[in-house]
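Trainee: Before I ask anything, let me first share the structure, which is written out below as structure tokens.
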């Protein structure tokens with residue numbers, strides 16, 4: 001006795017318009033709860049021109065239900081922009097439970113790997129994320145979901161700032177003091193504005209021998225090594241480094257550095273005020 005032969009799945013690469021997306025959703029009888037944040041995230045990528053055809057499919061069951069791709073469909077409608085994608089029709093309805101259950105999430109380090117970075121990929125990716133936040137002016141609110149850094153952003157930043165690898169290599173010497181990605185990011189930005197100040201900071205942090213105790217970078221090193229360093233946020237480090245750099249650029253003496261972002265004596269996030277003396281502008 002022969003089993004019933006199932007119709008083959010139909011696979012088609014299409015230009016998915018908002019009208020097509022609406023039609024697919026209109027035939028969907030099993031709508032799942034939407035995550036508005038995820039829809040907005042995809043729509044923002046589409047409207048910013050960052051959507052890339054990557055072979056991911058929108059899966060339609062043999063009953064006409066959208067098994068995978070609902071958020072992408074709603075995002076196309078929200079963005080009011082067509083995108084290239086693949087639609088596969090005729091997927092068994094009971095296959096839904098297997099979708100996305102074994103997929104590994106791609107990281108920024110994975111993106112760098114396929115773009116030629118051979119070492120320190122995780123740290124470079126993190127440093128580039130800090131650079132992007134700096135460029136966008138959203139450092140103080142970097143945890144806000146609206147300021148999420150996408151892999152496509154990291155890929156573009158790597159293409160524009162390949163010398164970040166050298167900055168990370170230098171910053172790895174300071175991993176005993178704190179997060180190398182933070183040091184690399186600030187060192188990279190400072191180096192593009194005032195190379196002498198940036199180098200003096202790194203040299204003092206690496207070896208403070210012979211540096212006066214009222215030197216801003218000596219005070220920075222002392223702050224980095226203080227007792228509460230394990231509870232310190234990366235943003236605190238960036239702020240204090242900026243304050244030290246500003247003082248050093250102006251020739252001011254400093255014995256104690258601090259930055260308070262909350263409470264009655266809260267301070268605004270500092271602005272890097274060192275004078276540009278050459279190099280490419282990181283901003």
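Trainee: Which whole number in µm²/s is D for the chain by Stokes-Einstein, with the Kirkwood Rh taken over Cα pairs at 4 °C and 1.567 mPa s?
Mentor: 59 µm²/s
Trainee: Test of understanding: express the Cα radius of gyration of the stretch 108-249 as a ratio to 2.2 N^0.38 Å, with N the residue count.
Mentor: 1.04
Trainee: Can you grab the distance from the C-alpha centre of the stretch 183-213 to the C-alpha centre of the stretch 102-147, Å, no decimals?
Mentor: 23 Å
Trainee: Next question. Using the scaling law 2.2 N^0.38 Å as the reference, what is the normalised Cα Rg of the stretch 146-229? Show your work: numbers first, answer last.
Mentor: On the way: Rg = 14.5 Å, N = 84, 2.2 N^0.38 = 11.8 Å.
That ratio works out to 1.23.
Trainee: Can I ask one more? Please report, to one decimal in angstroms, the Kirkwood hydrodynamic radius of the stretch 207-263 built from all distinct Cα-Cα pairs.
Mentor: 11.7 Å
Trainee: How are the alpha carbon pair distances in the stretch 172-277 distributed across 10 Å bins from zero to the largest one, expressed in percent?
Mentor: So the P(r) values, bin by bin, are 15, 52, 30, 3.
Trainee: Another one. Between 0 and 90 degrees, rounded to the nearest ten: what's the tilt of helix 180-193 against the longest Cα principal axis of the chain?
Mentor: Once rounded, one gets 70 degrees.
Trainee: Here is a further query. Counting other C-beta atoms within 10 Å, which of 57, 204 has the fewest, and how do the rest follow?
Mentor: Values: 57 18, 204 21.
By the 10 Å Cβ count, ascending, the order reads 57, 204.
Trainee: What percent does the relative contact order of the stretch 10-98 come to when contacts are Cα pairs within less than 8 Å and at least six residues apart?
Mentor: Result for the stretch 10-98 is 45 percent.
Trainee: Taking only Cα atoms, what is the 0 to 90° angle, nearest 10, from helix 36-47's long axis to the longest principal axis of the chain?
Mentor: That helix lies at roughly 80 degrees to the long axis.
Trainee: Taking only Cα atoms of the stretch 110-184, what ratio of Rg to Rh do you get with Rh as the Kirkwood inverse-distance radius?
Mentor: 0.96
Trainee: Follow-up question, since we're still on this one. If contacts are Cα pairs under 8 angstrom and at least 6 residues apart, what is the relative contact order of the chain in percent?
Mentor: 14 percent
Trainee: Percentage of Cα-Cα pair distances in the stretch 10-98 greater than 18 Å, rounded to whole percent?
Mentor: 39 percent
Trainee: Quick one: if the Förster radius is 41 Å, what FRET efficiency do residue 156 and residue 88 give, using the C-beta to C-beta distance and rounding to 0.05?
Mentor: The pair residue 156/residue 88 has a calculated efficiency of 0.85.
Trainee: Quick check: the angle from helix 195-206's long axis to the longest principal axis of the chain, C-alpha only, nearest 10 degrees?
Mentor: Roughly 80 degrees, rounded to the nearest 10.
Trainee: Taking other Cβ within 10 Å of each residue's Cβ, how do 152, 265 sort, fewest first?
Mentor: Fewest to most other Cβ atoms nearby, the residues stand as 265, 152.
Trainee: Using the 10 angstrom Cβ neighbour count as an exposure proxy, how do 187, 218 rank, fewest first?
Mentor: With the sparsest Cβ surroundings first, the list reads 218, 187.
Just so you know, all these numbers are worked out from the coordinates, no wet-lab data involved. Just so we're clear, the structure is a prediction, and the values are computed from it rather than from any experiment. Reconstructed Cβ throughout: ideal geometry from the backbone, glycine too, with neighbour counts over all protein chains shown.
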